Amino acid sequence: MKIGIVDTMFARYDMAKDAIDELKSNMAGIGVVRYTVPGIKDTPVAAKKLLEEQSCDIVMVFGMPGKEETDKMCAHEASQGIILAQLMTNKHIIEVFVHEDEVSSEKELAKLMERRARAHARNVIKLLYYPKNLTRDAGMGKRQGHDDVGPIKIK
Amino acid sequence: MKIGIVDTMFARYDMAKDAIDELKSNMAGIGVVRYTVPGIKDTPVAAKKLLEEQSCDIVMVFGMPGKEETDKMCAHEASQGIILAQLMTNKHIIEVFVHEDEVSSEKELAKLMERRARAHARNVIKLLYYPKNLTRDAGMGKRQGHDDVGPIKIK
Amino acid sequence: MKIGIVDTMFARYDMAKDAIDELKSNMAGIGVVRYTVPGIKDTPVAAKKLLEEQSCDIVMVFGMPGKEETDKMCAHEASQGIILAQLMTNKHIIEVFVHEDEVSSEKELAKLMERRARAHARNVIKLLYYPKNLTRDAGMGKRQGHDDVGPIKIK
Amino acid sequence: MKIGIVDTMFARYDMAKDAIDELKSNMAGIGVVRYTVPGIKDTPVAAKKLLEEQSCDIVMVFGMPGKEETDKMCAHEASQGIILAQLMTNKHIIEVFVHEDEVSSEKELAKLMERRARAHARNVIKLLYYPKNLTRDAGMGKRQGHDDVGPIKIK
Amino acid sequence: MKIGIVDTMFARYDMAKDAIDELKSNMAGIGVVRYTVPGIKDTPVAAKKLLEEQSCDIVMVFGMPGKEETDKMCAHEASQGIILAQLMTNKHIIEVFVHEDEVSSEKELAKLMERRARAHARNVIKLLYYPKNLTRDAGMGKRQGHDDVGPIKIK
């Protein structure tokens, strides 16, 4: 299996490095192709090119939208493009975005970015190799980066 | 007939289980294929893959958008993708989303999720086997999960 | 000519019935195919199926978005899908939506829904049979359901 | 060259008439095909039909979004459709929208609509016959309808 | 390699000139095709035409959205179109937009526009000729026009 990795120069932390480390630690011999673009709006076509021109089986897209209104809009437009690229290729593109204002300190931000990158790398392995394991976690309130919320407590 | 079921690990209740139970209780011998993905934005391509690669006749997508602004945006993007996937395949994908803030307690939320899942499962059976029955309810203010509102009272 | 009619169980008034009555009263021998779906987001693919699988020449989609923010968003997503379905088929889909909060009483709402349904049915006949008549009304401030606003008064 | 003209019965001023006059005054023998639809959301498919079924080289779409929130949303959805129609055909569709609340009196509105229609008609002629002339005005702060703003004043 | 340049008459500064200068200074013999359109919503199809009809390898789109709400919406719609055009062609279109209200004086605005245009021209050269160099800057908080923010400071 070959995994595409798209990331940006705009982001302030190298999530791709963590994700690649996690992928290689969990699955020996997995192939990785990396493609860095300037900003988040350049990621949808980069992901599609990896799927169609580099025969990747799945792509992870890493992005860090800034705090401004415009940044939120860019992330929204990128997300729409990423969903469209998946529908055009019938392959998954796992979007790993961390909003710069999700936490309040730079230290927490770095920690969140590493955790989310690694958690989604493990999701990618499950999607490719053990899809049934995902169903075991269906409806279980799983989160990536932040702690799991868990299922609804009825009593 | 073969029904695709897409759901997420993000959701905090297993709506798919209720829907599958409802489908099987109402229509003996109905086929079901289940596909769990990490989050709501992964659902459009999963639904399309079930329609095109697993020959499903219809797909149900279960999602539970959280309370934050970002969660609402994710649900919006997923909905756009789900509509597009339908237009690309000429098949129905029934979106079964329950917003975490639709009701105020966890207990009510679980109840709402079960009811909506089961009600839409019955809609799926009607769409596939008894489409004329749906027309009987046209304009009747039907709801799924919450009580029906009913038609406008003119007098 | 064959006219597709898509409507929902969610709506609280049967606009399709009025539209079909108006169509048949104005154009003897016109064909009508009706397709009812659960909610407004199910309408785009239903319209496209009528155009492509049932050889309809045009489709009318009837919907009644509710008062909540979520309802407005559903209507927006449906509208985007309806425009896309038209671009994929090169045929018109006339969207006949009445927002539940356009008027203040249930009685007015029913009246508005009937008037809008009938007015758009007449528009459909013009689009199919007398397109030149529409140009006669270009820029004339025509409305469907509410009274016409009329052209700008310059003096 | 053949120019498609799409407009609506909803608008309160006949911009198409002014544009056609401007086109014919500036370019003898230019062909024009006119297509009037009920409202702004019907314009994208009308424009695409003119490009693909009537062999138009370019299309102008005239619309007048009203003052309400819903009207703004309709204009947004139409604009998205118009951009998509261009990408599907590789031809220009010049959107000429005047928002009813851009100016405060009906008299100014009519004047604005005429000026914008005529200015865009001249743009269409440049795009078709003298594309290099447009580059001469690149970055010059040109407006259609309102006065030009002009380039940034550095000193 | 051949680079397409799309810009507008609406913008109040000629960013394309700066970008072309930067491209030619950094890469001898690079080809450039320029295409000016009236406004920002005309840019997506212009970019796609350069990629498909003029065999450009990449396109840069220059735009300057104004300060009004409507201008923001136009920029959003253009961005969606630019992302879609990339997905339809599997080629990059680098969006170089400067919002008129990003800075407070006309002098700063001109300076920002020149810097962003030149920075993105250098990105284009990297994407085409030295893609590996972009990965060296992955997650480094690079900005175009404004000063780089740099990577997260963990200690």
**Prompt:** Across the residues of B:29-42, average count of Cβ atoms on other protein chains within 10 Å?
**Reply:** 5
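On average, how many beta carbons from a partner chain sit within 10 Å of the beta carbon of a residue in E:109-118?
Taking all residues of E:109-118 together, the mean is 1.
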**Complete:** Expected integer from the mean partner chain Cβ neighbour count at 10 Å over B:9-18 is 6
**Request:** Taking the Cα centre of the protein assembly as shown as origin, work out the dipole magnitude from +1 charges on Lys and Arg Cβ and -1 charges on Asp and Glu Cβ, in debye rounded to 20.
**Result:** 1340 debye
**Prompt:** Going by the alpha-carbon gyration tensor, a ≥ b ≥ c the square roots of its eigenvalues, is the stretch A:76-134 rounded (a/c under 1.5) or, if a/c is not under 1.5, prolate (a/b greater than b/c) versus oblate?
**Reply:** oblate
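State, to one decimal in nm², a quarter of the convex hull surface area for the C-alpha atoms of the stretch B:1-125, i.e. the direction-averaged projected area.
Values: hull surface 27.4 nm².
If you wrap the Cα atoms of the stretch B:1-125 in a convex hull and average its projections, you get 6.9 nm².
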**Prompt:** Using a 1.4 Å probe, what is the accessible area per residue for the stretch B:62-155, in Å²?
**Reply:** 45 Å²
**Message:** Please compute the modelled spin-label separation between C:LYS153 and C:SER55, points set 7 Å along Cα→Cβ, answer in nm with one decimal.
**Reply:** 5.2 nm
**Item:** Label geometry 7 Å along the beta-carbon vector: C:GLU106 inter-copy distances in nm
**Value:** 3.8, 3.8, 6.1, 6.1
**Message:** Would the stretch B:55-155 count as rounded, prolate or oblate if I go by the C-alpha gyration tensor, calling it rounded below 1.5 in a/c and otherwise prolate when a/b exceeds b/c, oblate otherwise?
**Reply:** oblate
**Message:** Could you report the accessible area of E:PHE97 in Å², rounded to 10, computed with a 1.4 Å probe on the protein chains as they sit in the structure?
**Reply:** 20 Å²
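Considering only Cα-Cα distances, which of the following residue pairs are longer than 19 Å: B:LYS17/B:LYS111; A:LYS153/B:LYS67; D:LYS142/E:LYS41; A:LYS24/A:LYS126; C:LYS126/D:LYS111?
C:LYS126/D:LYS111
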**Prompt:** In terms of the Cα gyration tensor, with a ≥ b ≥ c the square roots of its eigenvalues, is the stretch A:38-78 rounded because a/c is under 1.5, prolate because a/b exceeds b/c, or oblate?
**Reply:** prolate
**Message:** Is there a quick way to get the dipole size of the stretch A:1-153? I mean about its Cα centre, with the Cβ of Lys and Arg at +1 and of Asp and Glu at -1; what is the value in debye to the nearest 20?
**Reply:** 660 debye
**Fill in**
In whole angstrom, the spacing between the Cα centers of the stretch A:67-108 and the stretch E:104-129 equals 24 Å
**Asked** Once amide H atoms are built 1.01 Å from N in the peptide plane, which residues 5 or more positions from C:MET60, or in another chain, come under 5 Å H to H?
**Response** C:GLY4, C:ILE5, C:VAL6, C:ILE94
**Message:** At 7 angstrom along the Cα-to-beta-carbon line, where would the label on C:ARG136 sit relative to the other copies? Give the distances in nm, shortest first.
**Reply:** 4.5, 4.5, 7.2, 7.2
**Request:** Return a whole-number percent for the relative contact order of the stretch A:50-155, with Cα pairs under 8 Å and 6 or more residues apart as the contact set.
**Result:** 23 percent
**Request:** Calculate the dipole size of the stretch B:20-103 relative to its Cα centre from +1 charges on Lys and Arg beta carbons and -1 charges on Asp and Glu beta carbons; express the result in debye to the nearest 20.
**Result:** 360 debye
**Prompt:** So how far apart, in nm, are the two label points at D:LYS24 and A:LYS111 if each is 7 Å from Cα heading toward Cβ?
**Reply:** 7.4 nm
**Request:** Can you tell me which of B:25-33, C:103-111 comes out highest on packing, and rank the rest after it, using the mean Cβ neighbours within 10 Å?
**Result:** C:103-111, B:25-33
**Request:** Subtracting the Cα-Cα distance from 0.36 nm times the residue separation, let me have the gained length for A:HIS146 to A:GLU68 in nm, one decimal.
**Result:** 25.9 nm
**Item:** Protection proxy ranking, peptides C:83-94, B:134-145, D:123-134, average beta carbon neighbours within 10 Å, highest first
**Value:** C:83-94, B:134-145, D:123-134
**Prompt:** Could you work out the helix-only [θ] at 222 nm for the protein assembly as shown, with each DSSP H run of four or more residues adding -39,500 (n - 2.57) and the total divided by the number of residues, to the nearest 500 deg cm²/dmol?
**Reply:** -15500 deg cm²/dmol
**Request:** Please report, in cubic angstrom per residue, the volume enclosed by the convex hull of the alpha-carbon atoms of the protein assembly as shown.
**Result:** 169 Å³
**Message:** Taking all protein chains in place and a 1.4 Å probe, what share, in percent, of the accessible surface of the stretch A:49-155 do carbon and sulfur account for?
**Reply:** 49 percent
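The values are calculated or read from the model by the stated rules, or taken from the named source; none is laboratory data. Since this is a predicted model, take the numbers as computed values, not measurements. Neighbour counts are summed over all protein chains in view; Cβ atoms, including those assigned to glycine, are modelled from backbone coordinates with ideal geometry. Keep in mind that these areas ignore ligands, DNA and RNA; they rest on the heavy atoms of the full protein, side chains included. Shrake-Rupley method; radii C 1.70, N 1.55, O 1.52, S 1.80 Å.
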